[in-house]
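Enquirer: Can you read through this structure? Questions will come right after.
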Amino acid sequence: MYSITEQAIRLGEFNWAYTFLEKYKAEFAMENETQDIYNTNLALYYFGIGQFQQCLDHIPPTSPILDYMLLGRRLELICMLELESELLSYKLDAFKMFLSRTSKKLLPVNRRQRNLDFLNIFTQIYNCPPGDQKRTEKILNRVLENKQAAQYPWLLSKAKKLAQKPD
């Protein structure tokens with residue numbers, strides 16, 4: 001389901017995405033009693049419209065469905081960066097630990113790599129000092145070389161913003 005919501009958001013169809021989520025909410029709740037499918041998709045919707053605190057409020061703490069758990073962790077990191085949260089470095093370390101220890105057993109190689117690529121580029125964005133033109137260009141090139149990275153559209157958008165020369 002999150003691919004439907006994600007595609008609608010990428011196309012700018014925010015109202016359609018929200019209507020879809022609300023229309024099928026009951027069906028998703030029957031399949032998943034913790035409602036993490038619905039809540040993760042609602043978080044994705046709020047992320048899409050730039051409501052980062054609302055997004056954080058709807059991300060389930062965990063999910064038995066690995067793809068939803070990973071999406072939730074990535075959204076959490078992105079929102080915390082956008083909101084300049086002091087807790088971001090701790091969440092970033094926790095996600096790094098998960099990927100280095102647990103994901104080898106749970107994820108196929110290509111899905112693990114997509115998340116590692118996201119994490120590496122995200123960390124570079126997070127650690128990039130404002131105005132460092134050389135570094136921002138390197139980050140942008142790295143994003144362009146890793147189109148398979150999870151959350152690629154956000155990474156690309158953020159890297160382009162960093163690379164813009166200040167007025």
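Enquirer: Can you sort Asp93, Asp36, Asp67 from fewest to most other Cβ atoms within 10 Å of each residue's own Cβ? Write down the numbers at each step before the final one.
Expert: Working: Asp93 10, Asp36 22, Asp67 13.
Final ranking by Cβ density, sparse to dense: Asp93, Asp67, Asp36.
Enquirer: List, in the order given, every pair from Lys105/Lys160; Lys91/Lys138; Lys23/Lys96; Lys96/Lys147; Lys105/Lys147 whose Cα-Cα distance in the structure shown is over 28 Å.
Expert: Working: Lys105/Lys160 35 Å; Lys91/Lys138 25 Å; Lys23/Lys96 36 Å; Lys96/Lys147 20 Å; Lys105/Lys147 24 Å.
Pairs exceeding the cut-off: Lys105/Lys160; Lys23/Lys96.
Enquirer: Based on Cβ point charges of +1 for Lys and Arg and -1 for Asp and Glu, what charge dipole magnitude is obtained for the stretch 1-85 about its Cα centre, in debye rounded to the nearest 20? Please list the in-between numbers first.
Expert: Numbers: 5 positive and 12 negative charges, 27 e Å.
Dipole of the stretch 1-85, to the nearest 20 debye: 120 debye.
Enquirer: Further question: If you plug each phi of the stretch 106-122 into the Karplus form 6.51 cos²θ - 1.76 cosθ + 1.60 with θ = phi - 60°, what whole-Hz ³J(HN,Hα) values come out, in order, with x for Gly and Pro?
Expert: Karplus-based 3J(HN,Hα) across the stretch 106-122 equals 9, 10, x, 3, 5, 6, 5, 5, 4, 6, 5, 4, 4, 4, 5, 5, 4 Hz.
Enquirer: Looking at the stretch 73-106, which GluC sites (Glu not before Pro) are in a loop (DSSP not H, G, I, E or B) and have at most 12 other Cβ atoms within 10 Å?
Expert: Details: sites: Glu76, Glu82, Glu84, Glu86; in loops: Glu84, Glu86.
The qualifying sites are Glu84, Glu86.
Enquirer: Between Gln7 and Leu87, what is the label-to-label distance in nm when each label sits 7 Å out along the Cα-to-Cβ direction?
Expert: Here the modelled spin labels are 3.4 nm apart.
Enquirer: Can you tell me which of Leu21, Leu92, Leu106 moves the most in a GNM of the chain? Springs connect C-alpha atoms under 10 Å apart.
Expert: Its mean-square fluctuation being the largest, the pick is Leu106.
Enquirer: With charges only on Cβ, +1 for K and R and -1 for D and E, what is the dipole size of the chain about its Cα centre, in debye, rounded to 20? Write out the running numbers ahead of the final one.
Expert: On the way: 22 positive and 19 negative charges, 181 e Å.
Using only the charged Cβ atoms, the result is roughly 880 debye.
Enquirer: Quote to one decimal, in nm, the extra length available between Glu22 and Ser157 on full extension: 0.36 nm per residue of separation minus the C-alpha distance between them.
Expert: Extra length from Glu22 to Ser157 when fully extended: 45.7 nm.
Enquirer: With unit charges on the beta carbon (Lys/Arg positive, Asp/Glu negative), name the residue among Thr62, Ala150, Thr5 whose Cα is farthest towards the positive pole of the charge dipole of the chain.
Expert: Farthest towards the positive pole: Ala150.
Enquirer: Based only on other Cβ atoms within 10 Å, what is the fewest-to-most ordering of Val109, Val143? If you can, show how the numbers build up before the last one.
Expert: Details: Val109 8, Val143 24.
Going from least to most buried by this count: Val109, Val143.
Enquirer: ³J(HN,Hα) across the stretch 130-143 via Karplus (A = 6.51, B = -1.76, C = 1.60, θ = phi - 60°), whole Hz, x for Gly/Pro?
Expert: x, x, 7, 4, 4, 5, 5, 5, 4, 5, 4, 4, 5, 4
Laboratory data are not the source of any read-out in this text; all were calculated from the coordinates shown. Nothing here was measured: the structure is a model prediction, and the numbers come from that model. Cβ: placed from backbone, ideal geometry, glycine included. Neighbour counts: every protein chain shown.
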